[in-house]
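A.B. asks: My questions will all concern the structure given below.
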Amino acid sequence: EADVQFLDFLRRGTSFGAANLVDNFEEPKGLMECMELLYLTSPELGFLEKGCAILQGDVHQRKFQLADKERHLSSRENQPAIFDAIQDATGDKLVNLKFDVQQLKRCCRQQTSQAWKEWRSKLEGRALTEMLKVKDVLEQDLGNLRENKRHLQDMFYES
């Protein structure tokens, strides 16, 4: 069950539960007055109850997903072997393992950097190829326009 709070009262200056809509509010005396009061408040109540139910469902789903992910991550088969080795190591062996881990980190960073640069180069190469194609088309259009200009000038001078 979710603990849901509506913080609208921060803007209004009153609490949601203690909103005083009528200064001299009296409890309904008869069934008809109760029905009138319910008629006024039930749409809001239904809306809020539906919203709370949706939120509670989302919270329940997220808790389930979180527990599943924690269970998945905490299983031995999903942990690298180096974690067990570091847990068991002491003294010089631990120092050497830490050094090895630092080397692996540097290697991973270098490989990641290289892969990113290669990807970026391919991306920019594709853009360059497309721009060169557009440039060729524009140069052809410019040549056609110049030819049309010469043709129109010739026609104008002849007439």
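Just so you know, all these numbers are worked out from the coordinates, no wet-lab data involved. Since the structure is predicted, the reported quantities are computational estimates derived from the model, not experimental observations. Note that we place each Cβ from the backbone using ideal geometry, even for glycine, and neighbour counts take in every protein chain shown.
A.B. asks: Under the Karplus relation 6.51 cos²θ - 1.76 cosθ + 1.60, θ = phi - 60°, what is the ordered set of whole-Hz ³J(HN,Hα) values for the range 86-100, x standing for Gly and Pro?
C.D. replies: 5, 5, 8, 6, 9, x, 4, 4, 5, 4, 5, 5, 4, 4, 4
A.B. asks: Moving to a separate point now. How big is the charge dipole of the range 45-159 about its Cα centre, in debye rounded to the nearest 20, if each Lys and Arg gets +1 on its Cβ and each Asp and Glu gets -1 on its Cβ? Can you show the working numbers first?
C.D. replies: Numbers: 20 positive and 18 negative charges, 84 e Å.
Using Cβ point charges on Lys, Arg, Asp and Glu, the range 45-159 gives about 400 debye.
A.B. asks: Using +1 at the C-beta of Lys and Arg and -1 at the C-beta of Asp and Glu, which of Gly30, Ala67, Leu142 has the Cα lying farthest in the positive direction of the dipole of the range 29-159?
C.D. replies: Ranked along the dipole, the leading option is Ala67.
A.B. asks: Using the Karplus curve 6.51 cos²θ - 1.76 cosθ + 1.60 with θ = phi - 60°, what ³J(HN,Hα) values do you get for each residue of the range 63-76, in whole Hz, with x for Gly and Pro?
C.D. replies: Taking θ as phi minus 60°, the curve returns 4, 5, 4, 4, 4, 5, 5, 5, 4, 5, 6, 7, 5, 4 Hz for the range 63-76.
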